[in-house]
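There's a structure below that I have some questions on.
Bear in mind that the values in this text are calculations on the coordinates, not laboratory data. Small disclaimer: the values here were computed from a predicted structure and weren't measured. Cβ sites come from the backbone with ideal geometry, for glycine too, and all protein chains shown count toward neighbours.
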Amino acid sequence: MIEVAYADPSDLGPPELRAQYLRLLDLPERKRFDRYVHDHHRLEFLTGRVMAKLRIAAALQIDPASVRFWQNENGRPEVVDVKSVRFSISHTRGRAACAVSLEAGIGLDVEHTGRDIRISPKCFSDREMADLRDRHGADLQSRFARYWTLKEAYSKAVGRGLGIAFDRISFDLDRPCGPSATFCVRDDDPCHWTFATLLLGHAHVLSLAIHLPDAQAPRVARWDPKENLFLDSGSCAVVVPSTSK
């Protein structure tokens, strides 16, 4: 089972809550937290890290304070001394999210649908470009966010960052039987992947790339930091089957 959790970083605004969860950060993370100029960026970082540590600790049945992260040679975060856990963290204006898996490599991305957009052929396939050019206003913003988060999630899952040619990864979001993915990426087989996407309210889109064919839809929960509870969000993740081209 893949666990997805999300929260509003502003919920960690009260000083007593912030102090409580800052104790879960190690020294390098605390220094990174302190380097952020804007408070909302500090809270986004803190929320993502804490949620990931809480979910990983629950999966491994260990103390959250003992969970430590490091970055591998490709810059992808991993859990120190634990190879069985894969996780991914993302945050944007108004939301932080994480995904944790014991069964497959994963990547997650979350975006605010009101972000500035740039429709470039370097980032989108011809079919996606045509789709986006036919849309306007809030419809365009939402559509852009769905495409972008799916591509970013895949990029994070494989750990190549900007080395991925986004125009070689194409998603069809309008098939009657559900969205599908077609991509041509060197040294990869699209049949090994499952994608999922969901809306978090009206202003945020979250997507997952799962390095496992026919993966089950992830379980989604909203974190309440005041009570330290993960509550069933009622959100429904739409599984996106991948196909080769």
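Mind checking which lysines have their Cα closer than 16 Å to the Cα of K122? Skip sequence neighbours fewer than 8 apart in that chain.
K151
Okay, moving on. Calculate the length of the line joining the C-alpha centroid of region 128-160 to that of region 4-38, in whole Å.
29
For the chain, what does the equivalent ellipsoid look like in terms of its semi-axes, each the square root of 5 times an eigenvalue of the Cα gyration tensor, given largest first in whole Å?
With the √(5λ) rule applied to the chain, the semi-axes are 29, 20, 17 Å.
Within region 93-112, find all residues whose amide N lies under 18 Å from a label point positioned 7 Å from the Cα of V82 along Cα-to-beta-carbon.
Residues 97-108 qualify, since their backbone N sits under 18 Å from the label point.
Still on this structure, please answer the following. What is the angle, in °, between the Cα long axis of helix 39-60 and the longest principal axis of the Cα atoms in the chain? Nearest 10 is fine, range 0 to 90.
With both axes taken from Cα atoms, the answer is about 90 degrees.
Per the Kirkwood formula on distinct C-alpha pairs, the Rh of region 77-141 is how many angstrom?
Averaging 1/r across every pair of different Cα atoms and inverting gives 14.6 Å.
Oh, and also: Return the Rg/Rh value of region 7-116, two decimal places, where both radii are evaluated on C-alpha atoms and Rh is the Kirkwood radius.
Answer for region 7-116: 0.95.
Let me ask something else about it. For helix 137-158, report the angle its Cα long axis makes with the longest principal axis of the Cα atoms of the chain; keep it between 0 and 90° and round to the nearest 10°.
Approximately 70 degrees, to the nearest 10.
Once the cut-off is 17 Å, how many percent of the Cα-Cα pairs in region 39-175 end up in the long-distance tail?
64
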